[in-house]
Amino acid sequence: MRILLLLTSFNALSQRLFVELGERGYEVSVEIDVNDARTIEAVDLFQPDLVIAPFLKRAIPAEVIENQVCMIVHPGIVGDRGPSALDWAMMDGEPEWGVTVLQAARELDAGPVWASASFPMRRSTKSSLYRNEVTEAAVASVFEAVDRFQAGGRPVAAEEVAVKRRGRRRDGIRQADREIDWQADATETVLRKIAAADGVPGVRDTLFGEAVFLFDAREAAGLPRADPGAATTTSGPAIARATTDGAVWIGRVRRSASQQPFKLPASLAFAAEVRDLPEIALNSSQGYRDIFYEEDGAVGFLHFPFYNGAMGTDACKRLHQAYRDAVQRPTKVLVLCGGQEFWSNGLDLNLIEAATSAADESFANICAIDDLSEAIIRTQSHITIAALSGNAGAGGVFLARAADQVWLRSGVILNPHYKDMGNLYGSELWTYLLPRHCGAENARRIVGARLPMGAREAVDIGLADRLLSGARDGFLADIRALTAALADDAGFSQMLAQKKVRRAADEAQKPLSAYREEELARMRRNFYGFDPSYHVARHNFVHKVPKSRTPVTVARHRDLAWQAGSAGRRKA
């Protein structure tokens with residue numbers, strides 16, 4: 001069966017469905033919604049049995065709806081209607097929410113129901129809930145709907161679906177609905193408002209007299225009381241603002257009126273304004289934390305929940321130092337935990353875009369992440385485990401592969417490629433790591449395919465070593481139990497000895513420094529060469545420039561070779 005995914009952007013949910021529908025044997029193609037004509041053309045070219053819209057901000061053209069079964073994934077409970085379903089659920093403090101798969105109709109969110117699922121709400125940001133609970137419920141509901149469709153079933157009216165409670169129609173949430181009243185709102189209220197808008201669109205506010213959008217809010221416990229709304233302190237990327245009963249850290253802002261209207265660390269965006277504010281050490285008990293270490297017996301756990309998984313030059317250097325400190329500890333196994341939302345997505349493109357010289361900052365950033373990757377590969381005192389609870393992309397995937405073993409939570413999606421960023425060559429010693437773990441042919445396919453990859457396929461081809469099923473909240477507990485057993489294994493000393501022998505043999509065959517020099521020579525051309533593709537692609541990504549077309553890597557219906565084969569199959 002052919003399924004066309006119609007999207008506004010190829011986000012985490014869309015990628016998960018693309019991967020898992022493909023794993024079930026469906027022929028899947030993707031069309032990024034640009035305009036009605038392109039969507040109609042995509043349907044004509046692919047001739048799908050079913051159109052699914054997991055993330056779509058525009059209505060599907062009437063011509064398509066009238067001639068094609070189209071399913072809409074709505075992040076709301078049965079009966080909920082409107083474009084801000086999850087935002088309102090968070091703002092209203094809903095204890096339970098859900099996802100509904102509807103048949104597309106002329107009136108938005110008004111079609112009959114193919115499937116639905118519910119989940120308990122967790123205290124977190126909107127983006128975290130979307131990537132986790134919403135995505136899991138959406139995947140389950142889509143597969144239920146597809147199975148029903150394939151079996152000849154039909155959707156039912158929302159009024160006929162047996163549910164505990166029904167939603168209602170609500171208009172799109174406005175910035176006025178999210179507005180923070182610093183003179184009245186307690187810490188909990190401020191955190192809830194920003195969480196319900198993080199990461200899009202943020203909460204509009206004023207800081208140092210300038211209009212901004214606020215993101216990445218955390219409680220700042222133990223700070224001295226101050227006038228509500230006042231900026232009082234900094235800690236790494238964050239600025240503390242007083243509330244009526246405490247303070248919050250604001251980690252990221254977007255200055256809408258500046259030359260850099262994209263998210264940046266708050267203390268960087270307002271560097272001049274915070275210069276004289278007192279500073280609390282980053283990652284201290286009172287400060288903003290993005291790296292922390294803990295131990296459990298013979299196992300160390302290094303966490304680095306960087307915002308959106310982006311690792312700028314300074315973040316890489318700080319993590320490298322934390323890694324060096326961790327391997328000096330009298331432990332046997334070191335687990336690289338990353339963050340729950342993302343393990344790592346590699347370079348911090350926003351910081352690069354904001355730099356005086358994007359080329360220089362790009363090169364500094366890749367060298368800093370290479371230093372860390374090399375340190376992990378060269379470690380001989382510990383067995384290292386990269387434990388991925390969240391997704392990873394680009395250099396973050398290859399940084400994880402630098403560890404001795406890579407363990408993935410089921411449902412994790414990897415994007416192990418750079419080429420969509422203006423044919424960026426990439427580093428992190430991938431030219432050594434991929435052939436060693438995956439084989440030369442798979443290595444070429446991985447970096448050339450430009451496709452998202454599911455956890456199961458990653459294990460099958462050697463990009464990862466172990467797949468752990470189970471709930472997100474239980475992943476770290478499973479990791480603790482497994483690594484404790486590994487540290488206690490009677491053969492541990494032999495495992496460590498074999499690792500040293502293998503590393504010495506690899507180094508004798510070709511030094512790591514040679515791989516690194518070759519990769520960086522290619523990347524210098526990306527950063528400093530005559531072809532500006534990387535800089536254009538990075539600018540478009542950071543500034544959220546809408547795509548004008550769908551890449552043929554995922555839009556197989558726009559691949560001329562596929563079209564020729566499809567025509568032949570239809571004729572036969």
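Taken together, the values in this text are just the output of simple stated rules run on the coordinates, not laboratory data. Computed from a predicted model, the values in this text were never measured in an experiment. Note that we place each Cβ from the backbone using ideal geometry, even for glycine, and neighbour counts take in every protein chain shown.
Points to keep in mind about this one:
- Phi angles of the range 529-534 translate, via the Karplus equation with coefficients 6.51, -1.76, 1.60 and θ = phi - 60°, into HN-Hα couplings of x, 6, 7, x, 3, 4 Hz per residue; Gly and Pro are given as x.
- Cross-link pairs K126/K332; K164/K193; K126/K419 - those with Cα-Cα distance over 31 Å: K126/K332
- Sparsely packed loop sites in the range 504-572 (the trypsin sites (Lys or Arg not before Pro) outside DSSP H, G, I, E and B with at most 15 other Cβ atoms within 10 Å) comprise K544, K547, R549.
- Projected area, mean over directions - the range 158-208, Cα convex hull, nm²: 5.6
- Anisotropy class of the range 26-108 from Cα gyration tensor, a/c 1.5 cut: prolate
- Within the range 255-402, the percentage of alpha carbon pairs spaced more than 18 angstrom apart rounds to 59%.
- Whole-number D in µm² s⁻¹ for the range 212-277, Kirkwood Cα-pair radius fed into Stokes-Einstein, 10 °C, 1.306 mPa s: 134
- The label-point distance for E41 and Q260, in a model that sets each label 7 Å from Cα toward Cβ, rounds to 3.8 nm.
- Under 5 Å, built H, 5+ apart or other chain: amide partners of T8: D33, F55, L56, K57
- In plain terms, if you count all Cα to Cα distances in the range 250-325 and split them into 10 Å steps from zero, the share in each step is 15, 42, 31, 10, 2, 0 percent.
- Prolate/oblate/rounded label for the range 1-64 (Cα gyration tensor, a/c 1.5): oblate
- ³J(HN,Hα) computed for each position of the range 114-126 - Karplus, 6.51 cos²θ - 1.76 cosθ + 1.60, integer Hz, glycine/proline x: 8, 6, 7, 8, 10, 7, x, 6, 10, 6, 6, 8, 4
- Each label was represented as a point 7 Å from its Cα along the Cα-to-Cβ direction; for R169 and R444 these points are 5.7 nm apart.
- Just so you know, the Cα atoms of the range 500-548 work out to an Rg and Dmax of 17.5, 51 Å.
- Once you divide the Cα radius of gyration of the range 88-213 by 2.2 N^0.38 Å, the number left is 1.28.
- Of the GluC sites (Glu not before Pro) found in the range 40-110, those that fall in a DSSP loop while having at most 12 other beta-carbon atoms within 10 Å are E107.
- Rg ratio for the range 67-136: its Cα radius of gyration over 2.2 N^0.38 Å, N being its residue count, equals 1.11.
- Under DSSP loop assignment and at most 14 Cβ neighbours within 10 Å, longest chymotrypsin sites (Phe, Trp or Tyr not before Pro)-free interval of the chain: 209-529
- Cβ-defined net charge surrounding C316, 10 Å radius [Lys, Arg +1; Asp, Glu -1]: -2
- In the range 409-451, the ratio of gyration radius to Kirkwood radius, Rg to Rh, stands at 0.98 when only Cα atoms are counted.
- Amide H contacts for I413 (H built 1.01 Å from N in the peptide plane; partners 5 or more residues away or on another chain; cut-off under 5 Å): N391, A392.
- Annotation: extensible slack from V34 through D177 equals 48.5 nm (criterion: 0.36 nm per residue apart, minus Cα-Cα distance).
- Computed over the range 320-463, the ratio Rg/Rh where both radii use C-alpha atoms and Rh is Kirkwood: 0.96
- Cα-based values for the range 186-328, radius of gyration first and Dmax second, are 15.8, 51 Å.
- Rounded to whole numbers, the Karplus 3J(HN,Hα) couplings from phi for the range 543-548 are 8, 6, 6, x, 6, 8 Hz, using 6.51 cos²θ - 1.76 cosθ + 1.60 with θ = phi - 60°, and x at Gly and Pro.
- Counting only Cα atoms, the size of the range 448-572 along its three principal axes is 60, 43, 37 Å, in decreasing order.
- Under 5 Å, built H, 5+ apart or other chain: amide partners of T550: I32
- For the chain, share of DSSP beta bridges that run antiparallel, in % to the nearest 5: 55
- Approximate spin-label separation F208-E144, in nm, with each point projected 7 Å along Cα-to-Cβ: 5.0
- Sorting the Cα pairs of the chain by distance into bins of 20 Å, from 0 upward, gives 19, 52, 27, 1 percent per bin.
- Pairs of C-alpha atoms in the range 337-398 farther apart than 19 Å represent 41 percent of all such pairs.
- Aspartates and glutamates with Cα under 14 Å of K544, excluding same-chain neighbours fewer than 8 positions away: E353
- Once divided by 2.2 N^0.38 Å, the Cα radius of gyration of the range 389-498 becomes 1.14.
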